[in-house]
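Novice: Sharing a structure, written as structure tokens. Questions coming.
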Amino acid sequence: MEKNITLETLAIDGGDRTVQTHFPWPIYDETDVQAVADVVRSGRWGNPDCGDLVETFEQEFAAYCGTKYAVSCVNGSVSLRLALMACGVRPGDEVIIPPYTFIATASTVLEVNCVPVFVDIDPDTYNLDPKAVEAAITERTKVIIPVHFAGLACDMDAIMDIARRHKLRVIEDAAHAHGAEYKGRKLGSIGDVGSFSFQSSKNLTSGEGGMVVTNDENLYRTMASLRNVGRMEGHQWYDHFNPGCNYRITQMQAVLLSRQLNRLDDQTVIRNENGLYLNKLLSNIDGILPLTRSPEATRHCYHLYIFSYDSSAFGGLPRQEFVARLAAEGVPCSTGYPHPLYKQPLFQNKNFMCYAIPESVDYAAVNCPVAERACRDEAVWIFQHAMLGSREDMQSFAEAIRKIQRVVTQA
């Protein structure tokens with residue numbers, strides 16, 4: 001008698017979802033609502049003339065990061081711009097950045113009339129490759145911006161060593177890295193300046209907002225002035241010493257961020273533990289390779305959990321179709337960036353407007369093969385709010401991948 005074989009049906013084809021959990025973000029309770037409502041009722045909404053909630057949050061965040069100073073601002077793009085200006089860059093200076101990051105890491109360099117120099121990423125971490133950084137340094141190089149992508153610490157020992165030997169400034173782009181650590185030190189506290197974002201997807205959020213942290217008093221005073229229309233502490237309100245603008249946040253944002261900061265450490269512990277557990281689960285699946293985490297990355301905050309996908313182990317299923325099936329199974333995920341930054345129309349068409357980028361700079365000639373592969377074929381992102389699930393949820397993520405593999409290789 002012929003055997004009856006029942007094939008599994010993927011959720012995308014009408015089957016049951018593997019993952020049943022809903023992962024809300026942002027996370028808040030009535031105490032957050034009440035704290036913001038109290039500010040609204042007070043009528044003291046602005047900054048700096050309406051109370052000290054902004055200053056309180058800045059002090060709390062500096063203490064959390066282990067730095068002496070913190071300056072809040074409207075978003076994580078402006079925070080990078082403040083850092084670059086305070087570090088003393090001049091038109092035509094070069095700033096080394098990775099191509100696998102959000103546009104602001106590059107566009108803020110243009111905004112201060114400097115030249116973004118793209119260097120490739122490490123294939124195991126998707127962070128800046130220190131060897132590529134050193135090879136890209138010229139007499140025009142002034143700053144390195146390592147991006148702690150997805151919340152995974154860059155090789156800061158190597159980067160800081162390069163910076164010291166070449167007398168360069170280091171601005172840590174820690175927009176993904178709230179609470180993450182390198183050798184026990186909070187990311188953002190190691191370079192000259194650390195830059196953070198509080199945009200709606202971030203692990204610490206008020207919808208929008210940014211922060212710079214530093215241990216350098218001169219950098220702090222300059223960034224504080226630039227954030228506050230060029231004013232300087234101890235002078236009259238109509239005295240303007242630097243070409244700053246109004247980049248201040250509101251009292252409502254500050255009190256909400258203070259409330260959210262109280263949760264950040266506990267949430268980071270959960271994400272870190274789930275990431276380690278998911279690494280073990282996914283390492284046993286052919287064609288799935290979690291990014292490498294060095295022992296120096298003592299805490300990963302998993303703003304994104306990233307693994308590399310090999311379609312040959314999934315019957316040749318293209319990555320885009322794999323991710324569509326994984327999302328349908330209930331895993332919050334994405335393919336991430338479709339191409340490296342230097343392939344954006346901004347760079348390919350040299351739409352630099354009033355910015356002083358030398359004519360000789362040709363981004364059409366840039367090629368970072370590791371970043372190209374990550375964008376085109378390999379990278380799969382699982383979002384940070386999903387990493388706040390249970391161990392059972394992590395098991396269900398792995399099972400969803402196995403289920404897809406079984407179905408597509410049987411077809």
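Novice: Tell me, what % of the accessible area of region 208-321 is carbon and sulfur with a 1.4 angstrom probe?
Specialist: Of the solvent-accessible surface of region 208-321, carbon and sulfur hold 48 percent.
Novice: I want the local charge near LEU289. Using Cβ-Cβ distances under 12 Å, sum +1 for each Lys or Arg and -1 for each Asp or Glu among the other residues.
Specialist: -4
Novice: Something else now. Applying the Karplus parametrisation 6.51 cos²θ - 1.76 cosθ + 1.60 with θ = phi - 60° to the phi angles of region 83-94, what ³J(HN,Hα) value in whole Hz is obtained for each residue in order, glycine and proline being reported as x?
Specialist: 5, 4, 5, 5, 6, x, 5, 10, x, x, 5, 9
Novice: Follow-up. Considering only protein heavy atoms and a probe of 1.4 Å, how much of the accessible area of region 102-170 is carbon and sulfur, as a whole percent?
Specialist: 52 percent
Novice: Let me ask another. Once label points are set 7 Å from the Cα along Cα→Cβ at both ASP286 and VAL269, what is their separation, rounded to one decimal in nm?
Specialist: Each label point lies 7 Å from its Cα, and together they span 4.0 nm.
Novice: Just the Cα atoms of region 1-113: what Rg and Dmax do they give in Å?
Specialist: When restricted to the Cα atoms of region 1-113, Rg and Dmax are 24.7, 85 Å.
Novice: Determine the per residue accessible area of region 188-290 with all protein chains present and a 1.4 angstrom probe, expressed in square angstrom.
Specialist: Computed with neighbouring chains in place, this is 43 Å² per residue.
Novice: If you plug each phi of region 388-404 into the Karplus form 6.51 cos²θ - 1.76 cosθ + 1.60 with θ = phi - 60°, what whole-Hz ³J(HN,Hα) values come out, in order, with x for Gly and Pro?
Specialist: For region 388-404, the Karplus-derived couplings read 8, x, 8, 4, 5, 5, 4, 4, 5, 4, 5, 5, 4, 5, 4, 4, 4 Hz, x marking Gly and Pro.
Novice: Let me ask another. Given H placed 1.01 Å from N in the peptide plane, which residues other than close sequence neighbours of VAL115 have an amide H under 5 Å from its amide H?
Specialist: So VAL115 has HN proximity to GLY92, ASP93, GLU94, VAL95.
Novice: If you don't mind, there's one more thing I want to ask. Give the peptides 153-160, 390-397, 134-141 in descending order of average Cβ contacts within 10 Å, highest first.
Specialist: 153-160, 390-397, 134-141
Novice: Please list 3J(HN,Hα) in residue order for region 289-296, calculated via the Karplus relation 6.51 cos²θ - 1.76 cosθ + 1.60 where θ = phi - 60°; whole Hz, with x for glycine and proline.
Specialist: 10, x, 4, 6, 10, 6, x, 5
Novice: Something else now. How big is the convex hull of the Cα atoms of region 108-220, per residue, in Å³?
Specialist: Cα-based convex hull of region 108-220, divided per residue, equals 118 Å³.
Novice: Related question: Specify whether the C-alpha gyration tensor of region 110-153 places it in the rounded, prolate or oblate class, a ≥ b ≥ c being the square roots of the eigenvalues: rounded for a/c under 1.5, otherwise prolate if a/b is larger than b/c and oblate if not. Could you put the intermediate results ahead of the total?
Specialist: Values: a/c = 2.72, a/b = 1.53, b/c = 1.78.
Since a/c reaches 1.5 but b/c is at least a/b, the shape of region 110-153 is classed as oblate.
Novice: Test of understanding: what is the full-extension gain from SER311 to GLU55, defined as 0.36 nm times their sequence separation minus their Cα-Cα distance?
Specialist: Separation in residues times 0.36 nm, less the Cα-Cα distance, equals 87.1 nm.
Novice: Over what distance in Å are the Cα centres of region 125-148 and region 172-231 separated?
Specialist: 20 Å
Novice: Okay, next question. So what is the relative contact order of region 284-371, in percent, for Cα pairs below 8 Å that sit 6 or more residues apart?
Specialist: RCO, region 284-371: 19 percent.
Novice: Further question: Averaged per residue, what accessible surface does region 16-72 expose to a 1.4 Å probe, in Å²?
Specialist: 61 Å²
Novice: Quick check on region 136-284: take the gyration tensor over C-alpha atoms, sort the square-rooted eigenvalues as a ≥ b ≥ c, and tell me if it's rounded (a/c under 1.5), prolate or oblate.
Specialist: Oblate, because a/c is 1.5 or more while a/b does not exceed b/c.
Novice: Summing Lys, Arg as +1 and Asp, Glu as -1, what charge do residues with Cβ under 9 Å from the Cβ of ALA180 carry, ALA180 excluded?
Specialist: So the environment of ALA180 carries a net charge of +1.
Novice: With each label point set 7 Å from Cα along the Cα-Cβ vector, what nm distance links GLU139 and ALA35?
Specialist: Inter-label distance under the simple model: 5.3 nm.
The values are calculated or read from the model by the stated rules, or taken from the named source; none is laboratory data. Everything numeric in this text was worked out from a predicted model, so none of it was measured. Positions of Cβ are generated from backbone atoms using ideal geometry, with glycine treated the same way; all protein chains shown enter the neighbour counts. For the accessible areas, the whole protein counts, side chains as well, though only heavy atoms, and no ligand, DNA or RNA atoms are used. Shrake-Rupley method; radii C 1.70, N 1.55, O 1.52, S 1.80 Å.
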